[in-house]
Every structure is written in structure tokens, then in C-alpha cells.
Amino acid sequence: MNTVTPLPDALSDSAIELARLVLVRGPISRGELAKELKLSVASLTRLGKPLIDAGLLIEGELLTDGTVGRPVRLLDVRIDGAWFVGVKVAGDFLQAVLTDLRATVLAEASLPLADTSVETVVAGIAQLSEQLAAHRGVSLTGVGVSLGGQVRAGGVVYRAPFLAWKDVPLGTLLSERLHLPVVVDNDVTALVAAEQWFGAGREVADFAVITVGAGVGYGLAIRNHVIRTADTGLGLGGHFPLDPTGPMCADGHRGCSTAMLSIPSICLQISAALGRPVDYEQAMELAAGGNKVAVAVLDAAGKALGGLISAAANLTMVNTVVLGGEGLALFTTRKDAVLTALAAGRDPDADPVTLRVASADFTEWARGAAAVAIQAQAFVL
């Protein structure tokens, strides 16, 4: 099995940025890299030598780009020397993926949770990590974990209401259990990190992520940096007002994004009107069949989602928004209503908003967890 030689301790910030660019955009020529880093090709070659010597960067075959110039060798990362597991902690199960250095999902597994005690969750994450590594016969480089909640330095879960956790040193507990570097992050922030390096961030430096599911999440990347603040993980995006005549959320906010867009709220509205329990899939089926209650609730939700997207674009001045979460059926079934409301909320002279739709399954969340582990460990291999 190929491995990556440890990099020198004194690796410069410029060398790390070079490696990051190759990871994110490679295979790529030295000329393109030099232009991006504002260096001469000769300087870039010297900068990249320790990365090539360490085996993190590799040179491809000689290629010609069709110009009169000399053939070039594209630089790329060696993705078969580092392996990461990402785990998304949901309310009643764990979803895990095994990825390479570019967050390509190579295998996945899930595990039901008998309860949400710290011991059960730690044991489950360890079991899945070991299972996925053994399945592919690899040694793990690091593990990333994401969950809905507020995470502080050192992987301490300061607050995770859906798990009933407070001040849980999850990163330390897992690192001691697995004998590996472990990164713990908020789940929406982890999705932003995955997009930053391996999705929308490959094309634009500024973008927002909006997720719709059990709640409503919001994250932001500006100038190629994921925005993290002391309030990250509090779910503030779920409190944004969208409809002054809308339903009430559990915190008493009328017509906020949680009340208008979350799966529980949509199901509760339809269930209350019909006098019987209705789940999300059934809600979509009822609307498709013309049920007036379901159509009205989902039309209002689609309009609200368009309003939230336009607000995100207007207030942060980004023109790319990534939609994710297990509630994406709202967008796919109410796309016209979403786009109409989005356009209505924008200045007619503003640049159009580009929407990218991520996968609706939990594998995407787990991949986000792997991405934060990659970002933390990619250049200290």
C-alpha cells in the first residue's frame, strides 16, 4: 500500500497553500499554480519540491496543451496514501463514509443507535470507523464527526439539544478510543467545508449553504474561508422571519424559517388540518395528487424558501447558494415557486443567483464530516 512520507515541520504557509490548491484543483500545471499564487514558475518549483519528495504531490506524464510552448507535467495529489472516515450523528442512527484525500466516497455504512448516551455514540463511531477501514484494508489517517449543535475548540460539544448533550469532550473521547486524530464540527459548517474544497468553492470564493430537514441550517464561505463564530451551531438561520402570517415554531417565532420549511413543521401543519398523522413522503404524495391542504402548505413553503435564498444572497452579497438536507424534495417539487420568490426578492439589476443542489441523503452530511478531517490533516501526514 502506498503511503505518504511525513512533511517537514518547517513547511511554509506558501507550501501549504500550494498543496491545498493542487488538492482542490488538480491535476494542474505549474504555470496555472504560479499565476494563482503570484509566483514565478521557478519559485513554485522550489516550493513544491519538499511536497513531491514527501510523496504528497506527484507529477503526471508529459502533456501538450496545443500551444507552441513546451509540454508540461501536471501536478496532482497522491490520493491513495490517506484515508478518512466521516460520521454524521443523527437522532437515532449514525451514517459513516470512507473517503480518499479528495473526499470521494469509497464505502459507506450506517448504524442504529439504541440511545443517544455519550458512551453509545462513541462506541458506534468507533465501530463504524474500524468496520470501514477493515472493509477496504486501509489504515485511517483521521476521523471527522459532524452533528447538529455548538462545537467548541478541541472537539467539545458545548450544546447539542437533540442529543441532550452539554460540554461533552467528544473529540478527546474518540481520539483516545481510536488512537487517531479526530475533528468534531457542526454539521452545516462541515457541509460548507466540503463545498469549499470539493464543490462550489472550486469555482467561487464566496457562497452560502442552506439546508432543510429536521431544522433549517445556514452556513457561509467568504474569500475561501468557512465562517465560524461563537454562535455557530445555534441554528440562527432557523429563526429568520419569512412570513408574518405563517405558523408558529416551538420557540414562539411566527413564520420563521423553521416554522415554514422544516420537515416536522410541514408535517404537523398538514397532519393537523387532515386530522391524521402525515409524514414527509406522504405530504409530497398528497400534494402531487392535488390535495388542497398539502398543496397550500407546500406552496407557502416553496415561496418561503425562495425568500430565504434571496435574503441570504442580498445580505451577504454572494451569488452562489448550495441547497442541501434531507428535505430537498421541497425544492424539487416546488422549484417554480422557489425561483419566482427568489427573483421577486432580488434587485432586477443584480447578478443572477446560481443554485447548486446537493444530495438529499445523509451520505452527504457524512462526507462533510470527512472533509473537515481532511482539511485538518491533509498536510500533516
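The values are calculated or read from the model by the stated rules, or taken from the named source; none is laboratory data. Small disclaimer: the values here were computed from a predicted structure and weren't measured. FYI the Cβ positions are ideal-geometry reconstructions off the backbone, even for glycines, and counts take in every protein chain you see. Heads up: the accessible areas ignore ligands, DNA and RNA and are worked out on the full protein's heavy atoms, side chains in. Shrake-Rupley method; radii C 1.70, N 1.55, O 1.52, S 1.80 Å.
A few points about this structure:
- A Förster distance of 35 Å, applied to the separation of the beta-carbon atoms of Ser359 and Thr172, puts the FRET efficiency at 0.65.
- Kirkwood radius and radius of gyration were both taken over the C-alpha atoms of segment 151-219, and their ratio Rg/Rh is 1.05.
- Listed by chain and number, the lysines whose alpha-carbon sits under 29 Å from that of Lys292, ignoring those within fewer than 8 places in the same chain, are Lys303, Lys335.
- Loop-resident sites, segment 54-152, for GluC sites (Glu not before Pro), counting at most 12 other Cβ within 10 Å (DSSP): none
- Cα-Cα separations in the chain greater than 29 Å, expressed as whole percent: 47 percent
- Surface composition of the chain: carbon plus sulfur atoms contribute 54% of the solvent-accessible area (1.4 Å probe, protein chains only, all chains present).
- Within the chain, the selection of entire DSSP H helices by a Cα span of 15 Å or greater along the long axis and an average Kyte-Doolittle value of at least 0.0 returns 13-25, 41-53, 118-136, 187-198, 263-274, 292-316, 362-377.
- Accessible surface ranking that places the most exposed of His135, His239 first, with a 1.4 angstrom probe: His135, His239
- Gap separating the Cα centres of segment 247-267 and segment 183-204, nearest whole Å: 26 Å
- FRET efficiency estimate (nearest 0.05) - Cβ-Cβ, Leu315 to Ile52, R0 45 angstrom: 0.55
- Heavy-atom surface of the chain, accessible at 1.4 Å and reported per residue (Å²): 46 Å²
- Under-5 Å amide H pairs with Met248, H placed in peptide plane, nonlocal only: Gly255
- Of the trypsin sites (Lys or Arg not before Pro) found in segment 29-134, those that fall in a DSSP loop while having at most 12 other beta-carbon atoms within 10 Å are Lys38.
- For the chain, the relative contact order is 16 percent, taking Cα pairs closer than 8 Å that sit 6 or more residues apart in sequence and dividing their mean separation by the residue count.
- Karplus (6.51, -1.76, 1.60) ³J(HN,Hα), θ = phi - 60°, over segment 206-217, in Hz, Gly and Pro reported as x: 10, 7, 10, 10, 10, 10, 10, x, 4, x, 10, x
- Hydrodynamic analysis of segment 277-381 uses the Kirkwood radius over alpha carbon pairs. Inserted into Stokes-Einstein at 37 °C and 0.692 mPa s, it gives a translational diffusion coefficient of 210 µm²/s.
- Under a 5 Å amide H cut-off, with hydrogens placed 1.01 Å from N, Val145 pairs with Val87, Val183, Val184, Asp185 among residues at least 5 apart or on other chains.
- For segment 170-205, applying the loop criterion from DSSP together with a ceiling of 15 other beta carbons within 10 Å to the GluC sites (Glu not before Pro) yields Glu203.
- Taking the helices alone, the chain has a mean residue ellipticity at 222 nm of -12500 deg cm²/dmol, built from -39,500 (n - 2.57) per DSSP H run of at least 4 residues and averaged over all its residues.
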